[in-house]
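Just below is one structure, and these are the notes that go with it.
The values are calculated or read from the model by the stated rules, or taken from the named source; none is laboratory data. Nothing here was measured: the structure is a model prediction, and the numbers come from that model. Positions of Cβ are backbone-derived with ideal geometry, glycine not excepted, and every protein chain shown enters the neighbour counts.
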Amino acid sequence: MRRIVPVFLILIFVAQLFAANVFSEVNALPSSNKVVLNWITKSESNVRQFMVLRSNDDAIYISLTKKNARGPGTQYEYVDQNVIFKDFSALFYKIRALDANGNIVEETSMIVHPNISGIFKTWGAIKALFR
């Protein structure tokens, strides 16, 4: 009986290593007033929809949108419009893969730092208005 338990635990561990991940690629590209989020799925087994969330402090997240799952290999995009970067602080994003009951199947996180050159270009345009 003792040999069965360790073998069983090893099989569970190996199965977890080779379990299909939902996300194959994720990225977030900042602009002066928006962030473009893109993700591609590897597997959408048991996934009904994706939820995009944003936070200013990596503690409290708000839901921005939900997108229905369309099948493995699909490229998804969400544009977060009118983003205001406070100083040079970052924004935090999560993309959650949800099942039919709303339970989290998998979650991925991203940190987005402001596009410094875009901020300075915008600031330069504002200063020019007052000259």
Would you check which residues across the stretch 17-56 are buried (at least 19 other Cβ atoms within 10 Å of the Cβ) and among the hydroxyl-bearing types (Ser, Thr, Tyr) and list them?
Thr41
Tell me yes or no: at least one residue of the stretch 44-59 is within 23 Å of His113 (Cβ to Cβ), of a type in the set (A, V, I, L, M, F, W, C), part of a loop (DSSP other than H, G, I, E, B) and at pLDDT below 95.
yes
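Which of the residues that make up the stretch 70-127 are acidic (Asp, Glu), within 29 Å of Val22 (Cα to Cα) and modelled with pLDDT under 85? First the steps, then the outcome.
At the first step, the residues of the stretch 70-127 found to be acidic (Asp, Glu) are 77, 80, 87, 99, 106-107.
Next, only the ones that are within 29 Å of Val22 (Cα to Cα) stay: 77, 80, 99, 106-107.
Answer for the stretch 70-127, where residues must be acidic (Asp, Glu), within 29 Å of Val22 (Cα to Cα) and modelled with pLDDT under 85: there is none.
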